[in-house]
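Each reported figure results from applying straightforward, stated rules to the coordinates on display, with no laboratory input. For clarity, every value in this text was computed on a predicted model and none was experimentally measured. FYI the Cβ positions are ideal-geometry reconstructions off the backbone, even for glycines, and counts take in every protein chain you see.
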């Protein structure tokens, strides 16, 4: 059984629409991450999240993006006003207290912006 | 800025043979961690092996071992006795000590031939 479940597995949206990607960890963990992979390119770090706060974010993670864990379970990535270049595979991961230990990844959400 | 380079987009190996995947990285840091992650068709990335930069001894996990050359900034993965289940995309990754951000390479697709 996977440590991290992501929903949906595929999401298609129109340019300019808002999307919410969800990540559901099985255990009560505190350290979460979002990464994305544009087709044929490298996996890129977006943001890390600990104790209901962003602990680190990349240059990609601008005002268009936001993360939250509103119910103490689901960890969400919201993309406001999606752009064509937001099309990518988005991976959620959870980590350990030591950030350099292994990451447990979900199986990803393929986002297609038309 | 730190970078990770995987120069082999695709590799093939005969079942039961040995294959080596290459990875080089660039950093000015002395304390960091290196990883190999496997991404099978299920898309969920799984940690294969982890190396702490301050340890000279190469990490080993069953059929998987690394050749860590710190001075050359090289971190190759050797897979011995290759199995059909080893077929996947393999990503090399770097993480500076104490940071939540992982930097990934572009990946190497490994095909295992029966």
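Potential lengthening of the chain between residue B:18 and residue B:3 amounts to 2.7 nm, from the contour at 0.36 nm per residue minus the alpha-carbon distance.
Of B:27, B:18, B:99, the residue with the greatest mean-square motion in the GNM of chain B, using alpha carbon springs below 10 Å, is B:99. The mean count of C-beta atoms from other chains within 10 Å of the C-beta of residues in A:60-68, rounded to a whole number, is 0.
Extension gain, residue A:14 to residue A:96: 0.36 nm times the residue separation minus the Cα-Cα distance gives 25.9 nm. Taking only the Cα atoms of chain B, the ratio Rg/Rh comes out at 0.96, with Rh defined as the Kirkwood radius.
The mean number of Cβ atoms from other chains found within 10 Å of a Cβ in peptide B:95-108 is 6, as a whole number. For the segment B:88-94, counting C-beta atoms of other chains within 10 Å of every residue's C-beta and taking the mean gives 1. If you bin all the Cα-Cα distances of chain A at 10 Å, starting from zero, the percentages per bin are 15, 51, 30, 4. Computed from the C-beta positions of residue B:60 and residue A:7 and an R0 of 35 Å, the FRET efficiency is 0.45 to the nearest 0.05.
With r defined as the distance between the Cβ atoms of residue A:29 and residue A:80 and R0 fixed at 25 Å, what FRET efficiency is calculated, to the nearest 0.05?
Approximately 0.40, to the nearest 0.05.
Counted over chain B, the DSSP beta bridges are approximately 90% antiparallel. Maximal additional length on extending the residue B:97-residue B:113 stretch stands at 2.0 nm, based on 0.36 nm per residue less the C-alpha distance. Label-to-label distance for residue B:74 and residue B:31 is 2.8 nm, based on points extended 7 Å past Cα in the beta-carbon direction.
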